[in-house]
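Below is one structure, written out as structure tokens, with a few remarks after it.
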Amino acid sequence: MSQFFLYVDRDSWLHRLDPRTKVLSLLGLFTVALLFTDPRYLAVAAGPALLTLAAAGALGPLRKLTPLLLLLFLYCSLLWPFFVAGRTPLVSLAGHPFTREALAFGVGMGLRLDLMLLGGLLLLATTTIEEFTLALQRLGLPGPMGFALSLAFRWAPSLIGSASQTVQAQRSRGLDLSAGHLLARIRHYVPLLIPMIGHSLRQTGLLAMALESKGYGPAAYQRTYLELRLRAADYLALTVVGIVVAVCLWLRWTGHGMIEVRF
């Protein structure tokens with residue numbers, strides 16, 4: 001599978017943006033997410049991200065990642081209150097006091113991770129791997145590093161596909177993964193690890209030989225059929241992102257958007 005499985009092949013205005021614009025916008029979104037811990041500010045930032053995903057027609061990939069988004073949010077919301085404390089007591093469970101600030105901080109951490117994941121999803125849903133690799137090189141990242149980073153995205157659907165084939169093969173041989181209690185179901189997956197690891201190692205070796213046979217190396221000259229050019233829409237998008245980041249930096253500098261907790 002040559003294309004990352006989250007990509008949506010459409011002709012939206014987001015798809016037509018220069019990939020450098022989308023990479024820089026993603027960095028701006030990450031900056032906004034890291035500036036705040038107050039869930040109210042992060043929820044405001046998540047709204048435009050969801051609307052942009054809808055405008056790009058990426059609701060399908062979003063549905064694929066919904067369980068992961070929910071799990072990240074729940075884990076952060078439930079675990080962080082055990083490690084931080086605030087000033088306003090709320091409830092005590094099993095002798096551990098929970099504060100209003102700690103719970104808000106946990107929700108904020110969950111929203112932060114989800115917001116960053118939404119930004120990555122937006123980039124992958126509107127940018128091909130070739131465009132992403134070329135954008136990294138044009139932004140100054142060395143070619144081998146850009147290729148290695150893009151290769152990680154290429155490799156994900158291949159590993160997922162091989163895992164699915166392994167599961168189906170074992171099921172055809174009588175392995176019932178849904179039988180028994182939770183621990184028994186987990187043990188059913190143990191026999192799948194060896195063939196999955198073996199297949200991954202074999203595919204990695206074949207990929208290395210394929211790259212060597214094509215003369216790929218740090219000093220190799222590479223041609224590309226893609227031509228990147230910043231247009232008016234790109235300058236407008238970068239201006240909007242820059243203004244948003246500047247406003248968020250000002251809010252953070254003036255003490256807004258933070259939950260005061262003790263670790």
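The values are calculated or read from the model by the stated rules, or taken from the named source; none is laboratory data. These numbers were taken from a predicted model, which means no experiment stands behind them. Counting neighbours? That spans all protein chains shown, and the Cβs are built from the backbone with ideal geometry, glycine included. Just the protein is used for accessible areas: all its heavy atoms, side chains included, with ligands, DNA and RNA removed. Shrake-Rupley method; radii C 1.70, N 1.55, O 1.52, S 1.80 Å.
Of everything in the stretch 79-133, what is part of a helix (DSSP H, G or I), touching a strand residue (DSSP E or B) at 6+ places or on another chain (Cβ under 9 Å) and open to solvent by 20 Å² or more (accessible area, probe 1.4 Å)? Give them in sequence order.
Hits for the stretch 79-133 are Phe82, Arg100, Glu101, Leu103.
Among the residues of the stretch 29-78, write down those that are under 15 Å from the mean Cα position of the chain (by Cα), open to solvent by 30 Å² or more (accessible area, probe 1.4 Å), hydrophobic (A, V, I, L, M, F, W, C) and closer than 16 Å to Val245 by Cβ.
Hits for the stretch 29-78 are Leu29, Phe30, Leu34.
Please find, among Leu134, Leu122, Leu151, Leu139, the residue that is modelled with pLDDT under 75 and of a type in the set (A, V, I, L, M). First the steps, then the outcome.
Values: Leu134 fails: modelled with pLDDT under 75; Leu122 fails: modelled with pLDDT under 75; Leu139 fails: modelled with pLDDT under 75.
The unique qualifying residue is Leu151.
Here are some residues: Val167, Val247. Which one is more than 30 Å from Val32 (Cβ to Cβ) and either at pLDDT 75 or above or over 25 Å from the mean Cα position of the chain (by Cα) (or both)? Steps first, please.
On the way: Val247 fails: more than 30 Å from Val32 (Cβ to Cβ).
Matching residue, one of Val167, Val247: Val167.
Those residues that are in contact with a Gly (Cβ under 6 Å, 6 or more places away or on another chain), without any contact (Cβ under 8 Å) to a residue 40 or more places away in the chain and not hydroxyl-bearing (Ser, Thr, Tyr), I need them from the stretch 105-137; list them, please. Steps first, answer last, please.
Pass one, the stretch 105-137, residues in contact with a Gly (Cβ under 6 Å, 6 or more places away or on another chain): 133, 136-137.
Filter once more, so that each one left must be without any contact (Cβ under 8 Å) to a residue 40 or more places away in the chain: 133, 137.
Gln137 - this is the single residue of the stretch 105-137 that is in contact with a Gly (Cβ under 6 Å, 6 or more places away or on another chain), without any contact (Cβ under 8 Å) to a residue 40 or more places away in the chain and not hydroxyl-bearing (Ser, Thr, Tyr).
Condition check ((1) closer than 21 Å to Asp11 by Cα; (2) touching a residue at least 40 places away in the same chain (Cβ under 8 Å)) across all residues:
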residue	(1), (2)
Val44	no, no
Ala49	yes, yes
Ala56	yes, yes
Leu62	yes, yes
Thr66	no, no
Leu72	no, yes
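Condition first: exposed (fewer than 10 other Cβ atoms within 10 Å of the Cβ), at pLDDT 75 or above and part of a helix (DSSP H, G or I). Now tell me which residues in the stretch 170-200 satisfy that.
Selection gives Ser172 alone.
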